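Colleague: Handing you this structure, nothing more for now.
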Protein chains: 2
Amino acid sequence: MQNIEVTRQLAAWVVGLNNEDIPQAVRTEGVRTFVNWLGCAVGGAHHETVDRALEAVKLFAGEKRAQVIGREERLDELHAALMNGISSHVLDYDDTHLKTIIHPAGPVASAILAVAETRAVSGRDFLTALIAGVEVECRIGNSVYPHHYDRGWHITGTAGVFGAAAATGRLLGLDETQMVWALGIAATQSSGLREMFGTMCKSFHPGRAAQNGAMAAFLAKAGFDSSMRSIEAPRGWANVLSTKQDYSEILDGLGRNWESALNTYKPYACGIVIHPAIDGCTQLREQLGGRVADIQSVALRTHPLVLELTGKKTPQTGLEGKFSVYHAAATALLHGDGTPTAFTDEMVRDPQVIALRDRVSAQADKAMHEDAVFITLTMQDGERIDLDVPHAIGSLERPLTDAMISEKFTRQSSPVIGADKTTALIEKAWSLETTADMRDLALSSAA
Amino acid sequence: MQNIEVTRQLAAWVVGLNNEDIPQAVRTEGVRTFVNWLGCAVGGAHHETVDRALEAVKLFAGEKRAQVIGREERLDELHAALMNGISSHVLDYDDTHLKTIIHPAGPVASAILAVAETRAVSGRDFLTALIAGVEVECRIGNSVYPHHYDRGWHITGTAGVFGAAAATGRLLGLDETQMVWALGIAATQSSGLREMFGTMCKSFHPGRAAQNGAMAAFLAKAGFDSSMRSIEAPRGWANVLSTKQDYSEILDGLGRNWESALNTYKPYACGIVIHPAIDGCTQLREQLGGRVADIQSVALRTHPLVLELTGKKTPQTGLEGKFSVYHAAATALLHGDGTPTAFTDEMVRDPQVIALRDRVSAQADKAMHEDAVFITLTMQDGERIDLDVPHAIGSLERPLTDAMISEKFTRQSSPVIGADKTTALIEKAWSLETTADMRDLALSSAA
């Protein structure tokens with residue numbers, strides 16, 4: 001496919017997309033993507049990572065035209081995009097395109113909510129831009145995954161910058177050539193190393209992708225040119241950053257098959273591999289009622305990756321708790337909780353949690369699927385209770401309901417902006433498609 | 001060398017470097033690097049690429065604390081760093097570290113001149129920061145060159161961001177850990193594709209490297225953390241962006257062997273491969289005096305790369321003229337000129353130039369060195385004049401004199417900020433080491 005104009009065809013599709021071209025089911029999933037993202041951005045707004053980044057960037061910020069979500073500060077739209085991209089990902093609690101492990105909303109929604117504050121953008125147009133941006137980043141991600149990720153690139157940053165450029169480009173009304181340039185300026189800023197996982201730089205990646213992608217669109221609008229073949233050229237993005245280049249993943253079925261409709265939302269604030277255990281233990285807690293105190297032992301049968309990634313027997317901090325399937329199972333049984341409150345330092349050191357955690361065992365079984373678990377409880381009276389969870393909640397097979405997304409939002413947002421503002425914000429977020437001017441929604445996300 | 005702490009050792013060296021640790025010859029070369037860079041930045045200040053970028057970024061700029069060189073505008077220091085990095089490289093007329101083809105000053109000097117305006121920085125400390133930054137980027141470049149460049153990375157952008165971070169980090173007084181973080185935040189922003197050559201994005205790379213590296217230092221100062229092994233980790237910068245990793249190039253002889261002292265400055269505003277021809281033809285013009293009009297033919301014997309890269313027989317535009325060794329030889333013989341005025345649309349279409357150009361022939365000879373040429377003139381009276389140029393002016397063997405750097409500065413700067421301001425600015429630039437406060441120098445670069 002060396003001679004196909006991949007970048008130009010993709011740009012033409014983004015520019016030509018109309019609101020009514022997108023099936024309602026896809027738009028509905030887009031709204032869910034937005035609501036989930038917004039809740040995460042509010043929830044992460046006061047994380048230390050956000051505080052420190054804000055301390056640095058406010059030195060350089062321009063006119064205060066855009067809201068830093070979940071806080072009082074306002075910044076210029078590019079810096080607001082950066083900050084909101086960081087806060088929406090900092091708790092590792094956002095959305096996942098499972099085929100690429102891209103967290104799609106962070107780079108795209110962060111860019112366009114900030115930019116939308118500076119011009120009259122309806123919720124309907126905003127949603128189309130969001131969906132277009134997510135399509136672009138996930139399709140570009142598909143074209144190089146897994147080789148690109150295996151080489152060490154944090155794909156949410158490297159592919160996300162294209163999504164932010166495309167979505168912002170739509171809000172700015174770029175023509176086809178300008179959209180090609182915007183994708184090119186995005187391509188030549190594409191960055192983010194997996195080495196950064198475990199540091200503040202991890203959430204910096206979606207933030208910077210949002211900011212850089214938006215900047216690419218503004219530069220293109222001003223006539224700043226770029227390669228016409230930035231993705232597919234011999235020295236273009238795909239060849240330089242990956243050993244796999246499958247451009248059919250970018251172009252085939254554009255406007256028919258929607259990657260954005262495959263988005264999933266994390267029910268729990270930890271690595272996705274221990275979600276089945278939390279889900280199953282939460283279900284068992286409901287079955288048991290007051291009898292949780294009578295549990296003698298908990299035996300988990302899981303995919304081997306679960307123990308490899310989350311096999312920490314005696315976590316000492318909240319962060320370590322996220323890497324302990326034992327801790328996660330205990331808090332789910334005791335409190336029905338897998339949200340951020342389950343992974344605090346206090347919870348990890350709670351004697352009751354420790355006592356139950358020490359009675360949890362886990363066995364790796366290659367025959368188990370990654371999103372499955374088999375749990376056997378043995379009660380003090382000798383009774384055995386088995387539970388088979390073939391697909392964890394939050395998987396494509398068992399998506400979060402809208403009510404669950406709202407509950408997740410509330411749990412994250414209420415401690416940050418209060419219950420009343422949270423209730424109003426959730427309602428506005430779900431009403432995205434009928435929002436007259438996105439400024440109102442952005443302002444409602446302030447602390 | 002997997003277990004050596006490359007990033008930490010490099011950071012420790014940058015933090016611990018004292019002004020007096022740098023030999024005078026190295027400092028003198030650092031001043032030449034600075035003067036050459038400043039002249040180029042003034043010279044490029046009104047290029048269309050700069051105009052368009054400025055149109056976009058001024059929407060987001062913060063407090064007007066730093067000068068856009070060669071213009072009236074002032075921006076926040078990060079945006080000024082971006083703009084000055086673009087203008088200093090936009091004419092492809094800046095400096096070259098020949099071992100890596102890095103253009104060292106753009107990313108580093110652009111960052112620290114802008115940042116220096118916001119705090120009291122002496123010329124002496126500024127120069128040390130500049131040299132430290134150039135050492136960092138060139139040594140990191142050496143560790144991966146040529147594999148990294150061959151893969152398609154524009155190394156001035158990808159390595160330059162480290163130099164900007166290190167140099168800015170010195171001005172901000174980062175401690176060792178913060179400097180490690182700054183290099184890490186730089187690493188995870190490292191970008192720039194060679195596919196962009198021939199577009200406005202090429203000069204965007206050093207600009208963005210300056211801006212992003214400076215931002216990395218400000219983030220680190222605010223406590224934003226990063227990997228402690230961003231360069232050498234298995235998923236760190238060198239492994240992800242290159243198939244060669246020679247960390248001895250980064251650490252060996254630090255503070256004894258100075259890469260920054262190997263910097264070279266382009267005498268001519270075109271690709272370095274046709275510099276020998278321009279140099280030789282300029283020398284012949286001086287020999288001939290009025291007899292240039294009597295030239296019958298010009299025969300060049302050159303390295304094969306010269307014809308491969310600059311073999312355009314009948315250029316139609318100024319830009320195409322830069323890729324025509326025939327045009328370049330003709331303008332050098334007729335006008336003694338290889339500066340930007342030799343590569344205008346008018347000059348390329350000048351009948352006298354075309355007439356002589358059409359009498360220039362060139363022959364590839366694998367035995368010739370890349371910076372050499374052998375020229376044979378045949379005069380109308382049958383006389384033959386031979387000239388052997390073993391090393392072109394501007395090479396390490398025949399560096400530009402300070403007077404030539406000043407002349408190059410004047411030719412670029414006078415049309416932009418006028419002769420008087422140019423004279424004053426050149427004098428201040430050469431006095432870098434005794435400058436009390438860099439703000440004065442930065443302000444003097446305004447139009």
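The values are calculated or read from the model by the stated rules, or taken from the named source; none is laboratory data. From a predicted model like this one, the values you see are computed outputs, not experimental measurements. Don't worry about glycine lacking a Cβ; one is built from the backbone with ideal geometry, like all the others, and counts go over all protein chains shown.
Colleague: Name the single residue, out of those in the stretch B:232-246 being at the interface with chain A (Cβ under 9 Å from one of its Cβ atoms), assigned to a loop (DSSP other than H, G, I, E, B) and in contact with a Lys or Arg (Cβ under 9 Å, 6 or more places away or on another chain), that is farthest from B:Gly163 (Cα to Cα).
Modeller: Of everything passing the filter in the stretch B:232-246, B:Arg235 is farthest from B:Gly163 (Cα to Cα).
Colleague: I would also like to ask the following. What residue, among those in the stretch B:112-154 that are farther than 20 Å from B:Gln24 by Cα and of a type in the set (Phe, Trp, Tyr), is surrounded by the fewest Cβ atoms within 10 Å (Cβ to Cβ)?
Modeller: My answer is B:Tyr149.
Colleague: Would you tally the residues in the stretch B:152-174 being small (Gly, Ala, Ser) and within 12 Å of chain A (Cβ to nearest Cβ)?
Modeller: Number of matching residues: 2.
Colleague: Here's something else I'd like to know. Any chance the stretch B:27-39 includes a residue that's polar (S, T, N, Q), buried (at least 23 other Cβ atoms within 10 Å of the Cβ) and outside any helix (DSSP H, G or I)? If you could, list the steps in order and put the result at the bottom.
Modeller: We begin by selecting, within the stretch B:27-39, every residue polar (S, T, N, Q); these are B:28, B:33, B:36.
Applying the additional criterion that residues be buried (at least 23 other Cβ atoms within 10 Å of the Cβ) yields B:33, B:36.
Right, trim to outside any helix (DSSP H, G or I) and you get none.
Scanning the stretch B:27-39, I find no residue that is polar (S, T, N, Q), buried (at least 23 other Cβ atoms within 10 Å of the Cβ) and outside any helix (DSSP H, G or I), so the answer is no.
Colleague: Looking at A:Thr96, A:Thr100, which one is among the polar types (S, T, N, Q), part of a loop (DSSP other than H, G, I, E, B) and touching a residue at least 24 places away in the same chain (Cβ under 8 Å)?
Modeller: When all the criteria are applied, what remains is A:Thr100.
Colleague: Looking at the stretch B:253-272, is at least one residue assigned to a helix (DSSP H, G or I), closer than 22 Å to B:Val373 by Cα and under 25 Å from the mean Cα position of the chain (by Cα)?
Modeller: yes
Per-residue answers, yes or no, for (1) in contact with a helix residue (DSSP H, G or I) (Cβ under 6 Å, 6 or more places away or on another chain); (2) of a type in the set (Ser, Thr, Tyr):
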site	(1), (2)
A:Thr33	yes, yes
A:Glu48	no, no
A:Ala61	yes, no
A:Leu82	yes, no
A:Ile86	yes, no
A:Asp94	yes, no
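Colleague: Which of the residues that make up the stretch B:278-317 are within 21 Å of the chain's Cα centre (by Cα) and either surrounded by 20 or more Cβ atoms within 10 Å (Cβ to Cβ) or at pLDDT 90 or above (or both)?
Modeller: The answer is B:Ile278, B:Asp279, B:Val306, B:Thr310.
Colleague: Next question. Wholly within the stretch A:344-440, which helices (runs of 4 or more DSSP H) include no fewer than the required count, namely at least 2 residues that are out of contact with any strand residue (DSSP E or B) (no Cβ under 6 Å at 6 or more places or on another chain) and in the same structural domain as A:Leu113 (by TED's automatic domain parsing)?
Modeller: Filter on the stretch A:344-440 gives A:402-417, A:419-430.
Colleague: Only one of B:Tyr93, B:Tyr149 is of a type in the set (Phe, Trp, Tyr) and within 13 Å of another protein chain (Cβ to nearest Cβ). Can you tell me which?
Modeller: Values: B:Tyr93 fails: within 13 Å of another protein chain (Cβ to nearest Cβ).
After applying the criteria, what remains is B:Tyr149.
Colleague: Based on this model, can you work out whether B:Ser260 counts as in contact (Cβ under 8 Å) with a residue 40 or more places away in the chain, of a type in the set (Ser, Thr, Tyr) and either away from chain A (no Cβ under 12 Å) or within 30 Å of B:Ala329 (Cβ to Cβ) (or both)?
Modeller: When the stated conditions are applied, B:Ser260 passes them.
Colleague: Turning to a different aspect of this structure: Restricting to the stretch A:51-70, give me the number of residues that are in contact with a Lys or Arg (Cβ under 6 Å, 6 or more places away or on another chain) and surrounded by fewer than 24 Cβ atoms within 10 Å (Cβ to Cβ). Spell out how you get there, then give the answer.
Modeller: So in the stretch A:51-70, the residues in contact with a Lys or Arg (Cβ under 6 Å, 6 or more places away or on another chain) come out as A:64, A:67.
In the following step, the residues that additionally are surrounded by fewer than 24 Cβ atoms within 10 Å (Cβ to Cβ) were identified as A:64.
Going through the stretch A:51-70 one residue at a time, the tally reaches 1.
Colleague: Going through the stretch A:175-201 one residue at a time, which ones are surrounded by fewer than 24 Cβ atoms within 10 Å (Cβ to Cβ) and more than 7 Å from chain B (Cβ to nearest Cβ)?
Modeller: Answer for the stretch A:175-201, where residues must be surrounded by fewer than 24 Cβ atoms within 10 Å (Cβ to Cβ) and more than 7 Å from chain B (Cβ to nearest Cβ): A:Asp175, A:Glu176, A:Thr177, A:Gln178, A:Phe197, A:Gly198.
Colleague: Inspect all residues belonging to the stretch A:1-16 and state whether any of them is assigned to a helix (DSSP H, G or I) and charged (D, E, K, R).
Modeller: yes
Colleague: Please determine, by comparing only the residues of the stretch A:204-231 that are assigned to a loop (DSSP other than H, G, I, E, B) and buried (at least 24 other Cβ atoms within 10 Å of the Cβ), which one is farthest from the other protein chains (Cβ to nearest Cβ). Explain how you work it out, then say what you get.
Modeller: Filtering the stretch A:204-231 down to residues assigned to a loop (DSSP other than H, G, I, E, B) leaves A:222-231.
Remaining after also requiring buried (at least 24 other Cβ atoms within 10 Å of the Cβ): A:224, A:226-227, A:230-231.
Working: A:Phe224: 5, A:Ser226: 5, A:Ser227: 5, A:Ser230: 6, A:Ile231: 9 Å.
So, considering only residues that are assigned to a loop (DSSP other than H, G, I, E, B) and buried (at least 24 other Cβ atoms within 10 Å of the Cβ), the one farthest from the other protein chains (Cβ to nearest Cβ) is A:Ile231.
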